[in-house]
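Have a look at the structure below before the remarks.
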Amino acid sequence: MSAILAVCEQRDGTLRKVSHEVVTGAHRLGGTVEAILCAAGSVAGADQLGKFGADKVVTLTNAGFAKYNPEGAAQAIAERVKAGGYTAVVFTASATGKDLAPRVAAKLGVGLVADCTDIAAEGGTIVATRPVYAGKALLKIKVATKPAVLSLRPNVFTPVERPKPGTAETVAVNVAAARVVVREIKAAEAGALDVAEAQIVISGGRGLKEPANFKVLEELARAFGGQAAVGASRAVVDAGWRAHADQVGQTGKTVSPTLYIAVGISGAIQHLAGMRTSKVIVAINKDKDAPIFKVADYGVVGDLFEVVPRLTEEIKKLHG
Amino acid sequence: MNIAVCIKRVPDSETRVKIASNGKSLDEAGVKFVLNPYDEFAVEEALQRKEKAGAGEVAVFCLGPAAAQETIRTALAMGADRGVLLQTDAVPVDGFVTAQALAAELKSGGWDLILFGKMAIDDYNQQVGPMVAELLGLPCVTAVAHLDIDGQKGVAEREIEGGIEVVEFPVPAVITADKGLNEPRYPALKGIMAAKKKPLELKPVQLGAGAIEVVALTPPPERKEGKIVGEGPGAVAELVRLLREEAKVL
C-alpha cells in the first residue's frame, strides 16, 4: 500500500487552514496519508488533520522552525521522504509552498508538478491536471518521478471530512545552520485576505475611474464579514492605483474563489485567464458588450457607483 | 558585480491559445513570442545593480529553440552585455531537467547573483530558480518584490498571504523576481542597434528525458452561458436572490 506525505503549513504555531486541502487532496492518490508539519513546538489545530483523513500527523520540531525556515524545512522534509519510501509528496501552492516545494523536489532529484487542480492515481500511475497559460489551457500529465512531488492550487480541493483515529507524533530534527533567514513578517492591514485564498474576491478595473473610489469595493468586501478580498485588473495595478499583490490575471494571481465579482473590468483575455476557474462569476459593468459578460454567470449592466453600494446594503442585511 | 540572468521565451499574454494537432502542445502559428514578463524584472534588476556597482557584467542565459535568440536580443537591447542560448528543440515539461542544464552552465561562472523571473507565464512551473540554487548549493529567495544588497549581505521582501516576509541572506545568491521589484526599461533604438553586435553564443544541449510526460493539452471547460440579471441598482435584489437560491454561494 502506498504512502503519501501531505506537507501542511503553520504560522505562529497555528495550523493554516489550507492544510485541510492538502490532506484532502493527498487522499485522492489512495493509500495512507501522513500529514507533516515543521514547527518550533506543538501546533494548534494539528489534531484536526485526522478529521480530514490523515492517518498520522507528524510534527518535525526544531528551534529554528518558529518562522518559515526554507532551507531547514526543505532538508528535514527531503530527509523524511528519502527515509520513508513515499510514493508522493503533496504541498499546497501557497506563497510558502511555492517556495518550499521546488527546493524539496531538487533535493530529491525530481521535477515538481506545480499548482495542480486535479490529481489521481490511475492504474498505479499518478496523473495530474494543471492550468497553463494562466488557465487558457489545461495540461494533463503522467508523473513517473519517484516520488511524485505535487503542489495543489489553493481553494480547489474542498476539504472533505473523513474522520480517522489518526496518531500523532513529534520528532525533533537537526538541520544545517540557515543562510536564508526570515527576520520578520510585516503584517498587512488587519484582516486583509490574500486574493488567492479568499472565498470571495471583488476586483476593480478602470471603471473605478480613480484610486480613491476603490473604497466602494472595500465597503462591499467588509459587508461579507471577513471572507472577501479586493483584487484589481492589470490596468489599474500598472497605473499604480493598487498593489501588485492584488492583481488578478496572467501576470498576477490566478484565483478560484467561490464568488468572483468583477466591477468596472472589461475583461481582457489575460484577466479572464486569471479568474475563469472561479465557481460563480458576477460582472458589473456599464458597457453591455464588455467581454466580461461572456464568462459571467450573472451580469448587471449599469453604473457601478449606483449598483455596488446597493449590493453592499443587501449583503449587510444578510450578514446583519 | 557579475550577474547571470536566466530568461525564457514565452507566448505574449494576449495570446489566444490554440491546441496543436498532436493534442499535446500549443499551436504556435501566428503566436507572438516575448521575453517572459517576470524575467524583465530580473534583467532590469541586474542592470541597475551593475550600474550602481560601476563595474561587472550582466550575462543572460536562455534554454530554448533557435528562435529564442530574439528573446536574448531583447535583453541585450535593454543593456545586458552578452547572451548564451542553450539550444534545444523544445523546453522540457520537467522543470528539473531545465534546472540541471542551467546549473551545469552556471556552475563555474563565479556569479555574485543569479536572477530569474519568479515564474514563466506559459508553463507556470515556478521552480527552475530555486532548483538551480539547490543544485549549485547557493542560498535562494523567491518571488522578491524588494531587494537591498550591502556588500555580502542582502535583505529581500517577499509577499505572503496577509503580509510581507523580510528575509536576510548572504551573497552570492539566487533571487527570483516578482512584479514590483522595479520598472523594467524599454529598449531604446540605440540599445537595439548595439544589441546586434553583442556576443550571443549558441550551445546545443542534450537533455535527459525527465519523468514527467504530457498526456494532453486541452481547452478549459467552457463556462455555461450566463445571464444579464438586469440594469442598474434595481437589478441588485434579483442578483442577490439568484446568488442565494440558484448559485447557493451566499
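Here are some notes:
- In region B:168-196, the residues that are hydrophobic (A, V, I, L, M, F, W, C), over 21 Å from the mean Cα position of the chain (by Cα) and either within 12 Å of chain A (Cβ to nearest Cβ) or within 16 Å of B:Ala133 (Cβ to Cβ) (or both): B:Phe169, B:Val171
- Exclusive hit being crowded, with 24+ Cβ neighbours inside 10 Å and touching a Leu at 6+ places or on another chain (Cβ under 6 Å), set A:Gly249, A:Gly231, A:Gly204: A:Gly204
- Where a residue in region B:220-236 is touching a residue at least 12 places away in the same chain (Cβ under 8 Å) and under 16 Å from A:Ile281 (Cα atoms) and its partner, wherever it lies, is hydroxyl-bearing (Ser, Thr, Tyr) and not in a helix (DSSP H, G or I), with Cβ under 9 Å and at least six apart: B:Val229/A:Tyr298
- Residue list for region B:15-57, filter: within 10 Å of chain A (Cβ to nearest Cβ) and free of Cβ contacts under 8 Å to residues at least 12 places away in the same chain: B:Arg16, B:Lys18
- Scanning region B:122-135 for residues that are more than 7 Å from every other protein chain (Cβ to nearest Cβ) and more than 14 Å from A:Arg179 (Cα to Cα), we see that the one that is surrounded by the fewest Cβ atoms within 10 Å (Cβ to Cβ) is B:Gly129.
- Within region A:274-320, if we keep just the residues that are among the acidic types (Asp, Glu) and closer than 25 Å to A:Ala134 by Cβ, the residue that is surrounded by the most Cβ atoms within 10 Å (Cβ to Cβ) turns out to be A:Asp297.
- Complete set of residues in region A:187-201 that are exposed (fewer than 12 other Cβ atoms within 10 Å of the Cβ) and facing another protein chain (nearest Cβ under 7 Å): A:Ala187
- So A:Gly225, is it assigned to a loop (DSSP other than H, G, I, E, B) and more than 10 Å from chain B (Cβ to nearest Cβ): yes
- Tallying residues that are within 14 Å of chain B (Cβ to nearest Cβ) and at pLDDT below 95 within region A:147-183 yields 5.
- Test: residue in region B:206-219 that is of a type in the set (Asp, Glu) and surrounded by fewer than 12 Cβ atoms within 10 Å (Cβ to Cβ): no
Let's see how each residue does on (1) in a helix (DSSP H, G or I); (2) in contact (Cβ under 8 Å) with a residue 60 or more places away in the chain; (3) more than 8 Å from every other protein chain (Cβ to nearest Cβ); (4) more than 20 Å from A:Gly166 (Cα to Cα):
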| position | (1), (2), (3), (4) |
| --- | --- |
| A:Val81 | yes, yes, yes, no |
| A:Thr96 | yes, yes, no, yes |
| A:Asp99 | yes, no, no, yes |
| A:Pro102 | yes, no, no, yes |
| A:Ala105 | yes, no, no, yes |
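- Meets criteria (of a type in the set (Asp, Glu), over 26 Å from A:Lys316 (Cα atoms) and either assigned to a loop (DSSP other than H, G, I, E, B) or more than 19 Å from the chain's Cα centre (by Cα) (or both)) for A:Glu184: yes
- Filter result for A:Leu220 (outside any strand (DSSP E or B) and more than 10 Å from every other protein chain (Cβ to nearest Cβ)): yes
- When we screen A:Thr312, A:Thr251 for residues that are over 28 Å from B:His146 (Cα atoms), at the interface with chain B (Cβ under 10 Å from one of its Cβ atoms), touching a residue at least 12 places away in the same chain (Cβ under 8 Å) and not in a strand (DSSP E or B), the only hit is A:Thr312.
- One residue from A:Asp297, A:Asp303 being of a type outside the set (Ser, Thr, Tyr), under 14 Å from B:Arg223 (Cβ atoms) and modelled with pLDDT of 95 or more: A:Asp297
- Checked against the criteria, B:Ala4 counts as of a type in the set (A, V, I, L, M) and within 15 Å of B:Val128 (Cβ to Cβ).
- Evaluated against (1) over 22 Å from B:Ala156 (Cβ atoms); (2) under 18 Å from the mean Cα position of the chain (by Cα); (3) part of a helix (DSSP H, G or I), B:Val43 falls short on exactly one condition, (1).
- Test: residue in region A:120-135 that is crowded, with 22+ Cβ neighbours inside 10 Å, touching a Pro at 6+ places or on another chain (Cβ under 6 Å), among the hydrophobic types (A, V, I, L, M, F, W, C) and not assigned by TED's automatic domain parsing to the domain that holds A:His271: no
- Filter pass, A:Val181 being surrounded by 10 or more Cβ atoms within 10 Å (Cβ to Cβ), touching a helix residue (DSSP H, G or I) at 6+ places or on another chain (Cβ under 7 Å), under 26 Å from A:Gly72 (Cα atoms) and touching a residue at least 24 places away in the same chain (Cβ under 8 Å): no
- For B:Thr88, the conditions (1) in contact (Cβ under 8 Å) with a residue 60 or more places away in the chain; (2) under 20 Å from B:Tyr38 (Cα atoms) are fulfilled apart from (2).
- Residue in region A:262-282 that is touching a Leu at 6+ places or on another chain (Cβ under 9 Å), in a helix (DSSP H, G or I), farther than 14 Å from B:Gly226 by Cα and more than 7 Å from chain B (Cβ to nearest Cβ) present: no
- Checking each residue in region B:229-241 for being facing chain A (nearest Cβ under 7 Å), surrounded by fewer than 18 Cβ atoms within 10 Å (Cβ to Cβ) and out of contact with any helix residue (DSSP H, G or I) (no Cβ under 7 Å at 6 or more places or on another chain) picks out only B:Glu231.
The values are calculated or read from the model by the stated rules, or taken from the named source; none is laboratory data. Here the structure is a predicted model, which means the values were calculated and not measured. Neighbour counts are summed over all protein chains in view; Cβ atoms, including those assigned to glycine, are modelled from backbone coordinates with ideal geometry.
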